[in-house]
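Every number here is computed from the coordinates shown, using simple stated rules; none is lab data. Remember, it's a predicted structure, so these values are computed and weren't measured experimentally. Glycine gets a Cβ as well: all are built from the backbone with ideal geometry, and neighbour counts include every protein chain shown.
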Amino acid sequence: MCVAEIKCHRLNVTVEKGENVRKGRIRDLMDTPDPYVELLVKGIPKGNPKTKTIDNTINPEWNESFTFYLDPSKEYNLDVALFDENVGKDELIGRQTINLKHLKPNENVAKILEFGKKSKIYLKLLLEEDWVPDLRYSTDLSDQEKVFLGKRKEYAFKAIKQILRPDISPNNVEEVCKE
C-alpha cells in the first residue's frame, strides 16, 4: 500500500516479441541467439525484472507482462536491454531507454525498439492511476515506521547496556544503529 494512501501510477509493460534478433554477422554463424529482455526502472521496489529465455531463435515470442508502481511526482525511465544467454557471461545485444514522462494515463502505447541494424523488440505500455495499490511504490519510510525505529533503538540500547561491559557498550542511543 502507498504511504498515506496517496495516488500511485501503475505501469504495465508487456514484452510481446522480438524480430530478427541478431548478434552480428560472424557471431550469428557460430550460434543462434537465446534471447531474453531485461527491464529496469531505477528507484522503485522490484524494478528490474526479466523475461524468460527463448532458446535458439531469432524471432522470440515472450508475451510476458510486468507491473511497476511509480510515484506520480517523479520522473522515470524504462531501460530495455536485449541479451543473448550464454553458459558463461550473457551477451548484451543492445539497450534502449524510454522516458516515461510522456505517457498519459489509460492510453495504450505500442513501442518498437531497434537494437543494432536489424533486431527489434515489440512492447506495449499502459500507465494507470491507482488510489489503493497493494504495493508501496517508494522505499521511503512512513512516519509510523520512523517512530517504530526510534523506539527499537531505545530498546536495543537498554538491552545492550545490560549485556556488555561498560567500557565496550554504546554511550548513547545513536551509537546503537548508525545509518
Computed helical MRE - 222 nm, the chain, DSSP H runs ≥ 4 contributing -39500 (n - 2.57), nearest 500:
-5000 deg cm²/dmol
What are the extents of the Cα atoms of the chain along their three principal axes, listed from largest to smallest and rounded to whole Å?
71, 41, 20
Calculated FRET efficiency for the pair Glu174/Trp131, C-beta based, R₀ 35 Å, to 0.05
0.35
Charge-dipole axis of the chain as Lys and Arg at +1 and Asp and Glu at -1 on Cβ define it, positive-most pick from Val87, Gln144, Ala156:
Ala156
For the chain, find the longest principal axis of its Cα atoms and tell me its angle to the long axis of helix 143-163, 0 to 90°, nearest 10.
50
How do the peptides 34-41, 152-159, 16-23 rank, highest first, by the average count of neighbouring beta carbon atoms within 10 Å per residue?
34-41, 16-23, 152-159
Quick check for me: using +1 on Lys/Arg Cβ and -1 on Asp/Glu Cβ, what's the dipole size of the chain about its Cα centre, in debye to the nearest 20?
320
